[in-house]
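To start, the structure under review is shown below, and the notes come after it.
The values are calculated or read from the model by the stated rules, or taken from the named source; none is laboratory data. Every value quoted in this text rests on a predicted model; they were computed, and no experiment measured them. Here Cβ is always computed from backbone atoms with ideal geometry, including for glycine, and neighbour counts include all displayed protein chains.
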Amino acid sequence: MTAETDAALAEALVAVRRFSPGLADMTETTLFGDVLSRPGLSPRDRALATLSVLIAGGNVEQLRFHGPRAAACGVGRDEIAELVLQLAFYAGWPRAMSALTVLDEVLPVAGIEPQENATT
């Protein structure tokens, strides 16, 4: 993880730690420490997989954390838009539209702006 990811994770876990310190610890050590650092997939590929599962499962609130993290791993805004378009056909239009609503809000805050004349 990068220092930026570490800081974002620590901030995201504040409320979790208040309610369930054990869940916060396991998220930090097992998920972010062990699972996401495995060598089988690049951080970029893991980020795309994570976005896909969150969108397909309708867990769009989690995109507030994982959208900017995907961008930090090198996934471009146009790629994220194309991913959402692809998932609209497999996971459903409402889930794709809900995902776009959240991503359109959080990506500019993270400094990821849309390109002019985007085709996706």
### Task
Please indicate, with yes or no, whether at least one residue in region 84-102 is at pLDDT below 95 and out of contact with any helix residue (DSSP H, G or I) (no Cβ under 7 Å at 6 or more places or on another chain).
no
### Query
Taking the stated definitions as given, is Leu85 surrounded by 14 or more Cβ atoms within 10 Å (Cβ to Cβ) and either in a helix (DSSP H, G or I) or of a type in the set (A, V, I, L, M, F, W, C) (or both)?
no
## Note on the structure
Scanning region 1-47 for residues that are of a type in the set (D, E, K, R) and surrounded by 12 or more Cβ atoms within 10 Å (Cβ to Cβ), the one modelled with the lowest pLDDT turns out to be Glu4
### Message
Here is a check on your reading of the model: is Phe32 in contact (Cβ under 8 Å) with a residue 40 or more places away in the chain, touching a helix residue (DSSP H, G or I) at 6+ places or on another chain (Cβ under 7 Å) and assigned to a helix (DSSP H, G or I)?
### Response
no
